[in-house]
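The values are calculated or read from the model by the stated rules, or taken from the named source; none is laboratory data. All of these numbers come straight from a predicted model, not from anything done at the bench. All Cβ positions, glycine included, derive from the backbone under ideal geometry; neighbour counts span all protein chains shown. These accessible areas exclude ligands, DNA and RNA; they are computed on the full protein's heavy atoms, side chains included. Shrake-Rupley method; radii C 1.70, N 1.55, O 1.52, S 1.80 Å.
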Amino acid sequence: RKAKIGLEELSDSGFKVAILRCPMIYGKKCKGNYRTLSELEKKSLIFPKIKNKRSMLYIGNLVEFVRLVIQNEENGLFCPCDKEEICTSELVRMIELIHGKKIVLIPGVGWALKILSHVSNKVNKAFGNFSYSDELSEYKEEYRLFSLSDAVRETEKDE
């Protein structure tokens, strides 16, 4: 919060400050939660079936968003994300289909994940709800060049 306020104070007519608050960023060679989830899918035969909402942002869509913000000389706070939300179990299912693998989604383990979330914040990162409203992620120009399914396919290609 202090960093945001400090950066906003630097903004004037000659120096624009655009602050981006992004959800999970994913793409080829991107480190982080998506890669961990993808690697877990490749090694596992089972995965928890849960209902959560996740906003994500494909690196190609982020690059386009940044290009537009620079081109339009914008300043302010922005929350870009992909158009489609997804649930973690659905994402694992998409990844498995790309790799031609079969994984069994196990329902009824939400209680165990809730307990584990108190032990490790990684559980919340993977299985918690984190989504942006449509209004928050809108921009005056279209920056979402890749659909979720195309972006996941590109991310998983040759992996």
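Are there any pairs with C-beta distances below 8 angstrom linking a residue in segment 66-93 that is open to solvent by 40 Å² or more (accessible area, probe 1.4 Å) to a residue that is assigned to a strand (DSSP E or B) and not aliphatic (A, V, I, L, M), with the two at least 6 apart or on different chains, and if so which?
85/54
Can you work out which of the residues in segment 128-151 that are more than 14 Å from residue 23 (Cβ to Cβ) and in contact with a strand residue (DSSP E or B) (Cβ under 8 Å, 6 or more places away or on another chain) is most open to solvent (accessible area, probe 1.4 Å)?
146
What single numbered condition from (1) closer than 25 Å to residue 129 by Cβ; (2) more than 14 Å from the chain's Cα centre (by Cα); (3) not small (Gly, Ala, Ser) fails to hold for residue 66?
Result: residue 66 fails condition (1) only.
Taking segment 40-65 only, how many residues are modelled with pLDDT under 90, open to solvent by 20 Å² or more (accessible area, probe 1.4 Å) and closer than 16 Å to residue 152 by Cβ?
Final tally of qualifying residues: 2.
Please work out which residue is modelled with the lowest pLDDT, limiting yourself to segment 127-159 and to residues that are touching a helix residue (DSSP H, G or I) at 6+ places or on another chain (Cβ under 6 Å) and among the aromatic types (Phe, Trp, Tyr).
Residue satisfying both the conditions and the ranking: 127.
Could you please find all residues in segment 101-120 being within 18 Å of residue 37 (Cβ to Cβ) and surrounded by fewer than 18 Cβ atoms within 10 Å (Cβ to Cβ)?
Result: 101, 102, 104, 105, 106, 109, 110, 112, 113, 116, 117, 120.
Could you please tell me which pairs satisfy a Cβ distance under 8 Å, a separation of 6+ or placement on different chains, a first residue in segment 117-129 that is in contact (Cβ under 8 Å) with a residue 40 or more places away in the chain and of a type in the set (S, T, N, Q), and a second residue that is open to solvent by less than 40 Å² (accessible area, probe 1.4 Å) and part of a loop (DSSP other than H, G, I, E, B)?
Short answer, once both residue conditions are applied: 129/52.
Does residue 72 satisfy being more than 12 Å from the chain's Cα centre (by Cα) and of a type outside the set (Phe, Trp, Tyr)?
Yes.
Give segment 109-136 a look and list any residue that's among the polar types (S, T, N, Q) and touching a Lys or Arg at 6+ places or on another chain (Cβ under 8 Å), or say none.
Passing the criteria: 129, 131.
Any residue at all in segment 81-99 that's in contact with a Ser or Thr (Cβ under 6 Å, 6 or more places away or on another chain) and over 30 Å from residue 9 (Cβ atoms)?
Yes - at least one qualifying residue is present in segment 81-99.
So is residue 92 in a helix (DSSP H, G or I) and under 25 Å from residue 3 (Cβ atoms) or not?
Here the answer is no, as residue 92 does not meet what is asked.
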